[in-house]
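Worksheet: the structure to be examined is printed underneath.
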Amino acid sequence: MNKKLIIILILLFPFLGKAQQAVSIIPQPVSLTVQGGQFIIDKNTSIIFNTKENDLRLAANFFNAFIKNVSGESLSQNVKKQKSIILEIRKTEKAGDEGYLLNVSPTSIKIIANTKVGIVYGMQSLFQTLPQIRTNAALEVPCMEITDYPRFKWRGMHLDVCRHFFGPEMVKEYIDLMAAYKFNTFHWHLTDDQGWRIEIKKYPKLISVGAWRADRTGIPWSECQPTQPGEETSYGGYYTQEQIRDIVAYAKEKNITIVPEIEMPGHSAAAISAYPWLSCTQQPQSTITGGVYPPNYQSVYDVSNDSVFTFLANVLTEVMQLFPSKYIHVGGDEVDKTPWKNDPRCQELMKKLGDTSVDQLQSYFIDRIEKFLIAHHRKLIGWDEILEGGLAPEATVMSWRGEDGGIKAAKMKHDVVMTPGTPLYFDHYQAGPAGEPEAIGGFNTLKMVYDYSPIPKELDSADAKYVLGAQANVWTEYIPTVSQLEYMVLPRMLALSEVLWTPKENRNYVDFYNRLQNQFRVFGENGFNYCPGNFTVTIKPTAQDGKLLVTLSSEIPRSSIYYTIDSSDPDAGSDEYKSPIQIDSSVILKAVIVVEGKVMGVKPAEQKFVMHKAIGKNVTYTYPVSTYYMADGPNSLTDGVRGTDDVSKYWHGFDGNDLIATIDMGTETDVQKITIGCLQHYKDWIFLPQSVNYEVSNDGKNFTNLGTVKNTISPDEKGFIIKDFALNSPAQEARYIRVTAKNLGVCPKGHPGEGQPAWLFADEIMVQ
């Protein structure tokens, strides 16, 4: 038996100890009834199926290979024996296209489905019920009945192989993991600025030039400079068309459709490096190695050049010959439209079309590509930016910038796949960041994934039907190795599998977590690198009417939380958390999770609380807080919480806008000092405000200026900088306090985001 088959078969078999008797399956079936007794698989067992069904023959061979691997026995096929394993394709209304019926009695195992797909899914569930792995021994299957089918049609995992290349064998292992947990769609991100990974026969430079870049191993992604003239380009790789055909066939055997992504019109720097005439300037350029883009660098196709569309038509023709998928993903995200604004030909095209913005040029671009795909009986799918300027008539939207794009598209009667950054970006931290590999940022825990609902509450039942399902995205800027890739997807992909397969009413996190422990044993036995869990305490403050209450919680069932408020590190001898903690003074709270007397995690969760007169007071904003960075809600600037080096928590973010916040103190209050805390983190495009101005008022209309505090730190300063902008003034009575923090506006010259909107982050407005 080949190594690949052994890996997948073992992976589908999670129990290593005979003591475990309960039926444990991930994802949890729709209906499962355990009965008394067992079916014993031994030499007296035969696999029965209709030999005229080739799909069943393949399924029987797969089943037999598994049994031989775990018991040493090779089962007879279509031979009369005392006991039978029956595989049957026949019409059953309960199962649908992907479901199955599984019945286990002491004398037979029956797997019935409408399709081969359902038969294989039934086998996967059966494998997960086996109580042990023991070579050359009988295998005991609990007697039970299962009726099972998926909740969503699109159950996806994504993999970016452009930022870092993963070879064909690793891609197959990724597909194996998906198959084990009943995913059916592999979104393969094959082209981007940092690499073109698919062989296109008509354009050989796409792989001879676009697939390779200078090696910047060990340099932070945000500091990787482009390949220099004459520099060796040894880092990268690509898939030959033969390799792709092999991978597509491999995935098909495991009920997985591969959706290829060819990025356009943006994120196309690798293609332009190979063929400069694809850009507006048509100037030669080196390949990009990371997050640094030189000024005037071209990453967007020339929308005014018909030759570009001929190029893309030729590329997509070869892509469609390799991938039978109904969907072709065209990207469409984060398009730098500056070249279109500056190019006379693009501007002339815009006038000719009657467009008033370059956003409409993007719509024109996507419309042309969609017409081409429709003519070839395929469907276009793209990121939610394809909504900008108008959505192509039959396009499917993949919503990553939250759910708003998906909601909008569904209400327009377009199909939608939900993949919001929170919680479905698996390149984000999941249990730290302390002790975890460096990630791009964010914080998406196992429980956050498990609690996700792909159907937003904003959609009624009529519009909800356009939500095909969801997928997790794995972008690889900070994932250069196989080991790190495994860590980022395991075990979060198992939580998502249950979200997408199991009826919502059947889901229970504690039950899932218990079943997950068996999978952890499998991962460990087979050398997979995985995250053992989020052992970080969640610290959540609630401020109201001048009182500050703090709630502590854990994702780990059957755990206890211990804490201190004197800055010391807690242990099992510290105060145990039982109910919300009232904070009456400025303190540093630390907390740990304890399981069976052992402190878990790398270091305590820690939060600084600052008491002041504005605690719990209402805050209004002239410009809205970004939905991506709004801490715990509108009043997070008055909850006593100081920000940390985790930019995803406890910070209010403003993208290109000033922070103009007005605090209603409720009554006239003695005001002597006002302070706002702000953040600079160069690599995340976050900069300190240029200045902060403070005003007060008693009626909320007429304000008196107290003064301005100017910033003294250069925007070019790197590292993590937290700065308080404090103003002392003569004591005075005021009900309203207005704080204006001036955004830098755009990222400075020389920054990777030069000219793009800068972020302004604030954590707390303190009044004394």
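The values are calculated or read from the model by the stated rules, or taken from the named source; none is laboratory data. Just so it is clear, the structure is predicted and the values come from calculations on it, not from any experiment. Counting neighbours? That spans all protein chains shown, and the Cβs are built from the backbone with ideal geometry, glycine included.
See the values below:
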| read-out | value |
| --- | --- |
| Criterion (surrounded by fewer than 18 Cβ atoms within 10 Å (Cβ to Cβ) and over 29 Å from GLY290 (Cα atoms)) met by exactly one of PRO150, PRO168, PRO106 | PRO106 |
| Scope region 729-753; condition without any contact (Cβ under 8 Å) to a residue 60 or more places away in the chain, outside any loop (DSSP other than H, G, I, E, B) and surrounded by 12 or more Cβ atoms within 10 Å (Cβ to Cβ); matching residues | SER729 |
| Matching option when the condition is at pLDDT 95 or above, within 28 Å of PHE66 (Cα to Cα) and either assigned to a helix (DSSP H, G or I) or among the hydrophobic types (A, V, I, L, M, F, W, C) (or both), among PHE127, PHE165, PHE183 | PHE183 |
| Per-region count, region 542-561, residues surrounded by 13 or more Cβ atoms within 10 Å (Cβ to Cβ) and more than 27 Å from GLY616 (Cβ to Cβ) | 4 |
| Within region 711-722, considering residues that are touching a strand residue (DSSP E or B) at 6+ places or on another chain (Cβ under 7 Å) and of a type outside the set (A, V, I, L, M, F, W, C), the one modelled with the lowest pLDDT | GLU717 |
| Of all residues in region 475-484 being among the hydrophobic types (A, V, I, L, M, F, W, C) and surrounded by fewer than 23 Cβ atoms within 10 Å (Cβ to Cβ), the one that is nearest to ALA180 (Cα to Cα) | VAL482 |
| Any hit, region 175-184, residues being assigned by TED's automatic domain parsing to the domain that holds VAL300, among the aromatic types (Phe, Trp, Tyr) and under 28 Å from PRO294 (Cα atoms) | no |
| Residue within region 326-345 that is among the aromatic types (Phe, Trp, Tyr), closer than 24 Å to ILE244 by Cα and buried (at least 21 other Cβ atoms within 10 Å of the Cβ) present | yes |
| Of residues in region 291-329 being in a loop (DSSP other than H, G, I, E, B) and polar (S, T, N, Q), the one farthest from GLU263 (Cα to Cα) | ASN296 |
| Any hit, region 481-490, residues being hydrophobic (A, V, I, L, M, F, W, C), part of a loop (DSSP other than H, G, I, E, B) and within 20 Å of the chain's Cα centre (by Cα) | yes |
| Test: residue in region 582-592 that is free of Cβ contacts under 8 Å to residues at least 12 places away in the same chain and either under 30 Å from ASN711 (Cβ atoms) or hydrophobic (A, V, I, L, M, F, W, C) (or both) | no |
| Residues being of a type outside the set (Val, Ile, Thr), touching a strand residue (DSSP E or B) at 6+ places or on another chain (Cβ under 9 Å), in contact (Cβ under 8 Å) with a residue 40 or more places away in the chain and assigned to a helix (DSSP H, G or I) - total across region 41-71 | 5 |
| Condition check for LYS81: in the same structural domain as GLY36 (by TED's automatic domain parsing) and either without any contact (Cβ under 8 Å) to a residue 12 or more places away in the chain or within 24 Å of GLU253 (Cα to Cα) (or both) | no |
| Candidates GLU576, GLU606 - the one that is of a type in the set (Asp, Glu), surrounded by 14 or more Cβ atoms within 10 Å (Cβ to Cβ) and in contact with a strand residue (DSSP E or B) (Cβ under 6 Å, 6 or more places away or on another chain) | GLU606 |
| Any helices (runs of 4 or more DSSP H) falling wholly within region 350-466 and containing at least 2 residues that are surrounded by fewer than 18 Cβ atoms within 10 Å (Cβ to Cβ) and among the aliphatic types (A, V, I, L, M) | 358-375, 461-464 |
| Members of region 191-223 found to be closer than 16 Å to ASP160 by Cβ and not in a helix (DSSP H, G or I), listed by number | THR191, ASP192, ASP193, GLN194, GLY195, TRP196, ARG197, ILE198, GLY210, ALA211, ARG213 |
| Tabulated pairs, region 621-647, first more than 16 Å from GLY677 (Cα to Cα) and part of a strand (DSSP E or B), second among the polar types (S, T, N, Q) and modelled with pLDDT under 90, C-beta under 6 angstrom, 6+ apart or interchain | none |
| Single residue of THR708, THR675, THR638 found to be crowded, with 19+ Cβ neighbours inside 10 Å, of a type in the set (S, T, N, Q) and either closer than 18 Å to GLY753 by Cβ or at pLDDT 95 or above (or both) | THR675 |
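Table: residues versus (1) at pLDDT 95 or above; (2) in contact with a strand residue (DSSP E or B) (Cβ under 7 Å, 6 or more places away or on another chain).
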position	(1), (2)
LEU349	yes, no
HIS377	yes, no
GLY382	yes, yes
GLY390	no, no
